[in-house]
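Colleague: One structure, as structure tokens, below. Some questions next.
The values are calculated or read from the model by the stated rules, or taken from the named source; none is laboratory data. From a predicted model like this one, the values you see are computed outputs, not experimental measurements. Please note: Cβ atoms are built from the backbone with ideal geometry, for glycine as well, and neighbour counts cover all protein chains shown.
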Amino acid sequence: MDITLSQCFIAVDDHDKAVPFYRDVLGLEVRGDVGYGDMRWVTVESPAQPDVAIVLEPPLADPNASPADRQAVADLMAKGLLRGVIFATQDCDAAFERIRAAGGAVVQEPTDQHYGVRDCAFRDPAGNVLRFTQPLGTAEA
């Protein structure tokens, strides 16, 4: 079977805060910005991997969702438990410094993990945890 990843979705509660973070801080390119009613979906992609799209979506794009469901999703987002993405990088420490300098909310400083990677983590403006990982022993020269 020949399958590849095409899209992944990250829930954001304020696209006007999320888009500058993903575009300006992480360096992703905006490829689409679609609205429907009071909802909005923004597609961003890495220039190094343009065949994989990240869609910044509304937290609960179901018009039939109950107020209790909407509150449950909002609570999960506030705790950073709803979604997350792991980005690969050639230099975890450089990525960390760039994102921190741009005001990224640090969750974990660069750390060597026992499972063979060096990684760090930040929260995006919606509270989602984003990890940046590099295989141990592959730092940029």
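Colleague: Which of (1) outside any strand (DSSP E or B); (2) more than 13 Å from the chain's Cα centre (by Cα); (3) surrounded by fewer than 18 Cβ atoms within 10 Å (Cβ to Cβ) is the odd one out, the single condition Asp33 does not satisfy?
Modeller: Here Asp33 meets the rest and fails (1).
Colleague: Considering each residue of the stretch 99-130, count those that are of a type in the set (Lys, Arg) and either in contact (Cβ under 8 Å) with a residue 60 or more places away in the chain or part of a strand (DSSP E or B) (or both), and give that number.
Modeller: Qualifying residue count, the stretch 99-130: 2.
Colleague: Among Asp93, Asp69, Asp119, which is in contact with a helix residue (DSSP H, G or I) (Cβ under 8 Å, 6 or more places away or on another chain) and either surrounded by 14 or more Cβ atoms within 10 Å (Cβ to Cβ) or modelled with pLDDT under 90 (or both)?
Modeller: Asp119
Colleague: Okay, moving on. Could you pull out the residue among Thr89, Thr138, Thr111 that is under 20 Å from Gln7 (Cα atoms) and β-branched (Val, Ile, Thr)?
Modeller: Just a single option satisfies the conditions, and that option is Thr89.
Colleague: I would also like to ask the following. Please go through the stretch 99-109 and give me each residue that is in contact with a helix residue (DSSP H, G or I) (Cβ under 8 Å, 6 or more places away or on another chain) and surrounded by fewer than 18 Cβ atoms within 10 Å (Cβ to Cβ), ordered by number.
Modeller: Within the stretch 99-109, Ala102, Gly103, Val106, Glu109 meet the criteria.
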